[in-house]
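Chemist: The structure that follows is given in the form of structure tokens.
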């Protein structure tokens, strides 16, 4: 029964995210798991039950990774499935640790804040331990009241609230004393928080969606033809910015001929030109880069991607046998600095949208609008496209910034500072369109102080577990 409850929570967590979007389940998704934690006295058994749930969750949400490994990574069907299963096993460890520790605090009168802090704090460790994607709080992106927490606590504030309500329901099912639910009285205070920021859209960008096949075998003639198509799609007048996304096209800023071509694109449109390309370190290692060229055709600066994609741009040591998705020779190198271009644009690249603490650094350094350059072509037609957009929307709300999202094949969109999609292009189509955005210099509490809430939750959650477990040991000794 406890294994079934843990797996039921995993299923509920899968259902709250794209492709299902049953977001109303978010406040109760952890309830079955917490009931299982109460029923099971052995922390080792809770660990295994949580591990089973964690495996199912990551397997169900990130199912598209198998497709990426099989089709684009060249691993074949069984190689792709084998590696993906190992990925889900390793990622399941987070829920295993939560279940093992939650069993110590769920029996206490302070179970609700302790369990919520523990879940939220452990969420913050996903990035440092290899792979970050959707947090529980991301399911609240279309909940106006809950979203008021985002500019203060980030996505983790929403995760905390959903964890609280799930724990409260578990206590109700377990017929615990009503006074233990009193912690929920703090939730109405959310309505006293200021509503999300509104910033008028006063500027325009021409966004190009080239829809380039990720498996293209490039020749000089085909590259010239593609550059001509991109130039035609970039013809415009009276815009502030022209944007090309991250693309599977071998565009090298180290090539003087390409730089002249890029300069002509900027000069012909008389706008700033931002585009993705493959940079090089001094030793020749590839970089996933974003370059900005001014209307006069001069390169202003280059941002090199800091957070690289596992399996796509580098292979973690534990998966050293895995083929890589990109055709570049050797692993990509990470960038070392956040760059805000002189026109106050901060551009983060693809998977970096899963790292809220990185994205906020652009606003800290003066970015008044964000641009997300992405190539989601490796996702096929899976729900990963919508999942990725959900991450970007949360980053907009956390920092009260407009985000113009330029992608190779979708979803290309404009997102306002409250996380709402205001304009969106049809996916899997080659086209360009004008999108509107605004700028802001205001910085939210989250922008200024980052993950203060999530790290505090981790400390409080661990201390709560230590307190609860030591108390249990003392009572056992007394008996």
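FYI, it's all coordinate maths here, none of it is from the lab. The structure displayed is predicted, hence computed values, not measured ones. Reconstructed Cβ throughout: ideal geometry from the backbone, glycine too, with neighbour counts over all protein chains shown.
Chemist: How far is helix 220-233 tilted off the main Cα axis of the chain, in degrees rounded to 10, range 0 to 90?
Modeler: Helix 220-233 sits roughly 80 degrees off the main axis of the chain.
Chemist: Would you mind computing, in nm to one decimal, how far apart the modelled labels at residue 344 and residue 254 are, each placed 7 Å from Cα along Cα→Cβ?
Modeler: Simple spin-label model gives 3.6 nm for this pair.
Chemist: Give the peptides 382-391, 127-136 in descending order of average Cβ contacts within 10 Å, highest first.
Modeler: Result, highest mean first: 382-391, 127-136.
Chemist: With a 10 Å radius around each residue's Cβ, average the other Cβ atoms per peptide and rank 261-268, 355-362, highest first.
Modeler: By packing density, highest mean first, the sequence is 355-362, 261-268.
Chemist: Can you put 184, 69 in order of Cβ neighbours within 10 angstrom, beginning with the fewest?
Modeler: 184, 69
Chemist: With no solvent and one point on each alpha carbon, what is the Debye value of log10 I(q)/I(0) for the stretch 203-443 at q = 0.11, 0.16, 0.18 Å⁻¹?
Modeler: Taken in order of the listed q values, log10 I(q)/I(0) reads -0.51, -1.17, -1.54.
Chemist: If you don't mind, another one. Find how many whole Å separate the alpha carbon centroid of the stretch 189-228 from the alpha carbon centroid of the stretch 42-82.
Modeler: Their Cα centres are 30 Å away from one another.
Chemist: While we're here: Roughly what % antiparallel, to the nearest 5, for the DSSP beta bridges in the stretch 181-322?
Modeler: Around 65 percent of the beta bridges assigned by DSSP in the stretch 181-322 are antiparallel ones.
Chemist: Continuing with this model, one more query. Which value in Å does the Kirkwood hydrodynamic radius of the stretch 356-479 take, with 1/r averaged over all unlike C-alpha pairs and then inverted? Before the final figure, lay out each step's value.
Modeler: Details: mean 1/r = 0.0590 Å⁻¹.
Result for the stretch 356-479, one decimal place: 17.0 Å.
Chemist: Mind giving me the FRET efficiency for residue 173 and residue 463? R0 is 25 Å, r the Cβ-Cβ distance, nearest 0.05 is fine.
Modeler: For residue 173 and residue 463, the calculated efficiency is 0.40.
Chemist: A further question on this structure: Report, to the nearest 10°, how far helix 452-478 tilts away from the longest principal axis of the Cα atoms in the chain, using its own Cα long axis and a range of 0 to 90°.
Modeler: 20 degrees
Chemist: OK, next. With a cut-off of 8 Å between alpha carbons and a minimum separation of six or more residues, what is the relative contact order of the chain in percent?
Modeler: Relative contact order for the chain comes out at 18 percent.
Chemist: Pull out a ≥ b ≥ c, the square roots of the eigenvalues of the alpha-carbon gyration tensor of the stretch 15-152, then state rounded if a/c is under 1.5, prolate if not and a/b is larger than b/c, and oblate in the remaining case.
Modeler: oblate
Chemist: Working from Cα positions, state the angle (0 to 90°, nearest 10) between the long axis of helix 93-105 and the longest principal axis of the chain.
Modeler: So the inclination is approximately 30 degrees.
Chemist: Can you give me the C-alpha center-to-center distance between the stretch 436-467 and the stretch 98-146, rounded to a whole angstrom?
Modeler: The distance from the Cα centre of the stretch 436-467 to that of the stretch 98-146 comes to 13 Å.
Chemist: While we're looking at this one, here's another question. Starting from the Cα gyration tensor of the stretch 184-243, multiply each eigenvalue by 5, take the square root, and state the resulting semi-axes largest first in whole Å.
Modeler: One finds semi-axes of 45, 20, 5 Å for the stretch 184-243.
Chemist: Highest mean first, what order results for 200-213, 142-155 on Cβ atoms within 10 Å?
Modeler: Output ranking for 200-213, 142-155: 142-155, 200-213.
Chemist: Right, next: Give me the number: length gained by fully extending residue 426 to residue 42, i.e. 0.36 nm times residue separation minus the C-alpha to C-alpha distance, one decimal in nm.
Modeler: Taking 0.36 nm per residue and subtracting the Cα distance, the gain is 133.1 nm.
Chemist: Restricting to bridges with both residues inside the chain, how much of the DSSP beta-bridge set is antiparallel, in percent to the nearest 5?
Modeler: Looking only at bridges with both residues in the chain, the antiparallel portion is about 60 percent.
Chemist: Now for a different question. Considering the convex hull of the alpha carbon atoms of the chain, report its projected area averaged over all viewing directions, in nm², one decimal.
Modeler: Reported value for the Cα convex hull: 22.9 nm².
Chemist: Residue 108 versus residue 299, label points 7 Å from Cα toward the beta carbon: distance in nm?
Modeler: Going from the residue 108 label point to the residue 299 one covers 5.6 nm.
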